[in-house]
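*Asks:* Below is a structure I'd like to ask you about.
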Amino acid sequence: MPDLHLNDSLIPSLVLYSDLAAPPAGVPAKLAPPFGYNYPTMHPAYQQNPAPKPDPSPSHGGYNPPGYQPYSQVLTLVWDSESVSFRKRCVKWLCLCFCSLSRLCLSCHQQAETLRPVNLLQERNILPPKHTPPPEPNLSNDLRKVNCSPDTFRCTLTNIPQTQALLNKARLPLGLLLHPFRDLTQLPVITSNTIVRCRSCRTYINPFVSFLDQRRWKCNLCYRVNDVPDEFMYNPVTRSYGEPHKRPEVQNSTVEFIASSDYMLRPPQPALYLFLLDVSHNAVESGYLNVFCQSLLDNLEKLPGDTRTHIGFVTFDSTVHFYNLQEGLSQPQMLVVSDIDDVFIPTHDSLLVNLKESKELVKDLLNALPGMFTHTRETQSALGPALQAAYKLMSPTGGRVSVFQTQLPTLGAGLLQSREDPNLRSSTKHLGPATDFYKKLALDCSGQQIGVDLFLLSSQYSDLASLACVSKYSAGSVFYYPSFHHIHNTAQRQKFQKDLQRYLTRKIGFEAVMRIRCTKGLSIHTFHGNFFVRSTDLLSLANVNPDSGFAVQMSIEESLADTSLACFQAALLYTSSKGKRRIRVHTLCLPVVSQLSEVFAGADIQAISCLLANMAIDRSISSSLSDARDALVNAVVDCLTAYRANGSNIQPSGLIAPAALRLFPLYVLALLKQKALRTGTSTRLDERVFSMCELKSQPLQQIMHMVHPDLYRIDNMTEQAALHLNDSVIPQPPLLQLTAEKLTREGAFLMDCGSVMYLWVGKCCNETFIRDVLGFPNYASLPSNMTEIPELQTTYSERTRAFISWLLESRTFHPAFHVVKDDASTKTSFFQHLVEDRTESAFSYYEFLLHVQQQMSK
């Protein structure tokens, strides 16, 4: 086929005409002249009104349009013509016909497959052997190429219903999952005096606007026509003038602008880090201080920032301790404040010091800290007063406070009492905070651009439901290490070390705000994540990090019948660690549909499950855990009932779902068995609350690993169908269902749960695998607390480590690793993730399907 550079608007309605020299209106015989000033003709997908329906062809009812002739006669006309240029035009036109037909057939095939009825009670093996990519929106190739990555921006429905009534009919949630500050290998950064935005809705110019001519563009969200500024006429990439449609802002759906002073309320702040360290007896016994100090020493040079970066330290037990690290001192000076009811703050300049100027004093303090409190007998914790002191210290500038806590706060403001009753571990009363102290302090911090991150390293109940508020409302993060001990819990120590390395070195944005805009007629009504809502659509993020995710719920307020596309745009304004004000913009484009079948066909089941998880967490706190669980089950029942009621040719017997939603019941069952939402009293309260925090603040990929882990058999991996990357061979074992039926005592199985990995070894596992991969002669010699795979120079070892490294390649935080023997007590942790199996208090997958079917018949 010749290399065609024709616009898709030239593609006819798949009807061939004999009068090729003068085809009917709307079907040009040759490439139309450029529109306006050397602009390509507008693509139909850019038009805001639906395209007219094509004339019926002979294959649709036998109607022959005037001038219609069989395909062979058309070819005869083409090749009999004496004009070479005429032949070329006709061949190009015919090729476009076939290209259009091919795309249409492919699209129809994909939609037919996603709508294929699946009887869930009969088709047991519904889990695909490999991870399937997110559903691709049914857009033209041109729009697909420039659309936002699903790793950044994902919608629960890739086909947007025209009306709220149609959405209600589908009984599916409409919402967005965002990962706005994630690490990117390629990011167009634009430096311009003029950032082009819609004068009405303030949307940033993006690939989905339409240029009416060289001087005007129409907003794709509110449809206002805007002028193109003179500066925008110059393309800095091609160094050409007069082609605004080729600028990077219009060629990329994710861009970052260097912001001007118009986007600053004050000069950009420096990177400022304050570490708040628990040094009570409990903290010293756990040994976390040694791990923390060594990790910070190892990564001190890698802290994000520049020559203005400042750092400070505060320690606390029953009193609060400050450290003077001012340049010129021979050693750090410690100041103890015992009046915790009104903490006196010494001179700020001596406590928050320039890292470059005071680096040696900082290193001296970190080397000395672990030994300073070795013999302490202080068992009390004045966390609240220490946080109040941190707020006073940081208020003039803003920055990040990193809190390390090992027990329940027992003194001063914010003190807490133990609320854990083994019989009330799922009580709504205990899932919410016991005091509003930490929320109020977080809101004060947010107002002064201070983000608070919490590391809880505790072997006992610490009321995370209350403590987590200080991070939730200041846009911080929560890390939890239950039963942490630097000697007795090797897996947790290793995870803490690796988490710290990532935490200390990952990029950070300060004094940030994020706004999400959408096409006129759509509206955002609920946000999920860690932030403070400053106005109806503006999120205040004192700090923003690349590992946090957000979710929003949406509704359709006005009919979208007059548009063929819906667009969403997230704009994140922040200060980089080097003091630059930047705006990161992501734009997502999706088709609008009018048929219920198209809504079902475009369902993104992973995005739907993650949004429902967020909604269920809110419901469990505001109402009750049982209400949240019922709502999840009802979501499946309602959706499948809607499909049955409106689908065609569906057998009344069985439990039928469209292929696009075949995993919906499985994912909901997995959610019901998550620590956050499971019933019973076996789950400790802090562990339940932490699971809730993770579901509310993690990106989609991490949530899905938590909810439905990946299970592989790895003792028999071969190079068949392996990936070959950078001279490495990466085996690709198939995904297995999460049921004990898939386990054998002769095998070894790897389960990837996101934040933890288990390697379960059967009693009769091949001794060659045990020797060559785990480094022990046989099963009996395997230790029960093995937490890593040794590097052995064997084929088995290299193959296994290559596969695990490949799984971790896109993971920002390193998971804890456990080798689990078939007869060890630790196997309970492994088996609780086999979500398809029955437990004492929960259905098996098949039983759950029967329960859903029963509910549908009521």
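*Asks:* How much solvent-accessible surface does ASP630 expose, in Å² to the nearest 10, with a 1.4 Å probe and all protein chains in place?
*Replies:* Estimated to the nearest 10 Å², ASP630 gives 90 Å².
*Asks:* With a cut-off of at most 16 other beta carbons within 10 Å, and DSSP calling the residue loop, which trypsin sites (Lys or Arg not before Pro) in region 281-365 qualify? Please list them.
*Replies:* Counting only loop positions with at most 16 other Cβ atoms within 10 Å, the trypsin sites (Lys or Arg not before Pro) in region 281-365 are ARG308, LYS356.
*Asks:* Same structure again: Considering only the other residues whose Cβ falls under 14 Å of the Cβ of ASN119, what net charge follows from Lys and Arg at +1 and Asp and Glu at -1?
*Replies:* +3
*Asks:* For the modelled label position 7 Å from the Cα of GLU327 along Cα-to-Cβ, which residues of region 355-374 have backbone nitrogen atoms closer than 13 Å?
*Replies:* Output list for this probe position: 355-361.
*Asks:* To the nearest 20 debye, what charge dipole does the chain have about its Cα centre, counting +1 at the Cβ of each Lys and Arg and -1 at the Cβ of each Asp and Glu?
*Replies:* 1500
*Asks:* Could you state the accessible area per residue of region 710-832 in Å², with a 1.4 Å probe and every protein chain left in place?
*Replies:* Dividing the accessible area of region 710-832 by its residue count gives 47 Å².
*Asks:* While we're on this one: Treat each spin label as a single point 7 Å out from the Cα along the C-beta direction, and report the CYS201 to LYS578 distance in nm.
*Replies:* 3.4
*Asks:* Subtract the Cα-Cα distance of THR828 and ALA631 from 0.36 nm times their separation in residues, and report this length gain in nm to one decimal.
*Replies:* 68.1 nm
*Asks:* Residues of region 344-374 with backbone nitrogen within less than 17 Å of a virtual label 7 Å along the Cα-to-Cβ line of LEU297, please, listed as ranges.
*Replies:* Answer for region 344-374: 359-374.
*Asks:* To continue, here is another question. What is the distance, in nm, between label points placed 7 Å from the Cα along the Cα-to-Cβ direction at ARG116 and at TYR234?
*Replies:* In this crude label model, ARG116 to TYR234 measures out at 5.6 nm.
*Asks:* Further question on the same structure: Once the Cα atoms of region 275-417 are picked out, what are the Rg and Dmax in Å?
*Replies:* In order Rg, Dmax, the Cα atoms of region 275-417 give 14.5, 44 Å.
*Asks:* While we're here: For the chain, would you read off the P(r) tail past 34 Å as a percentage of all alpha carbon pairs?
*Replies:* Cα-Cα pairs in the chain separated by more than 34 Å: 59 percent.
*Asks:* How high is the FRET efficiency from ASP444 to THR768, r the C-beta distance, R0 51 Å, rounded to 0.05?
*Replies:* Taking R0 as 51 Å, the efficiency between ASP444 and THR768 is 0.25.
*Asks:* Show me the trypsin sites (Lys or Arg not before Pro) within region 209-284 that DSSP assigns to loop and that have at most 10 other Cβ atoms within 10 Å of their Cβ.
*Replies:* Of the trypsin sites (Lys or Arg not before Pro), the ones in loops of region 209-284 whose Cβ has at most 10 other Cβ atoms within 10 Å are ARG239.
*Asks:* What distance in nm separates the simple spin-label points at THR681 and TYR461, each placed 7 Å from Cα in the Cβ direction?
*Replies:* In this crude label model, THR681 to TYR461 measures out at 1.1 nm.
*Asks:* To continue, here is another question. Need the C-alpha centroid separation for region 717-738 versus region 591-649, integer Å.
*Replies:* The two parts, judged by their Cα centres, are 34 Å apart.
*Asks:* Using R₀ = 60 Å, calculate the FRET efficiency as 1/(1 + (r/R₀)^6) where r is the Cβ-Cβ separation of LEU335 and THR526; round to 0.05.
*Replies:* Plugging the Cβ-Cβ distance into 1/(1 + (r/R0)^6) gives 0.85.
*Asks:* Suppose R0 equals 51 Å. What FRET efficiency, 1/(1 + (r/R0)^6) with r the Cβ-Cβ distance, do HIS131 and ASP342 give to the nearest 0.05?
*Replies:* Working from the Cβ atoms, E equals 0.35.
*Asks:* In square angstrom, what is the accessible area per residue of region 272-506 with a 1.4 angstrom probe?
*Replies:* With the other protein chains kept in place, region 272-506 gives 38 Å² per residue.
*Asks:* How would THR563, THR379, THR163 line up by accessible area, probe 1.4 Å, largest first?
*Replies:* THR379, THR163, THR563
*Asks:* Right, here's the next one. When the accessible area of the chain is computed with all protein chains present and a 1.4 Å probe, what percentage of it is carbon and sulfur?
*Replies:* 50
*Asks:* Continuing with this model, one more query. Where in the chain are the DSSP H helices whose alpha-carbon span along the long axis reaches 15 Å or more and whose Kyte-Doolittle mean is at least 0.5?
*Replies:* Qualifying helices: 383-394, 605-622.
*Asks:* Same structure, new question: What trypsin sites (Lys or Arg not before Pro) in region 641-720 are in a loop by DSSP, with at most 12 other Cβ atoms within 10 Å of the Cβ?
*Replies:* Filter output for region 641-720: empty list.
*Asks:* Over the alpha-carbon set of region 710-832, work out the extent along each principal axis and list the three values in angstrom, largest first.
*Replies:* Largest first, region 710-832 extends 39, 28, 26 Å along its Cα principal axes.
The values are calculated or read from the model by the stated rules, or taken from the named source; none is laboratory data. Predicted, not measured: the structure shown is a model, and the values here were computed from it. When we count neighbours, we look across all protein chains shown, and the Cβ atoms used for this are built from the backbone with ideal geometry, even at glycine. For accessibility, only protein heavy atoms count, side chains too; no ligands or nucleic acids. Shrake-Rupley method; radii C 1.70, N 1.55, O 1.52, S 1.80 Å.
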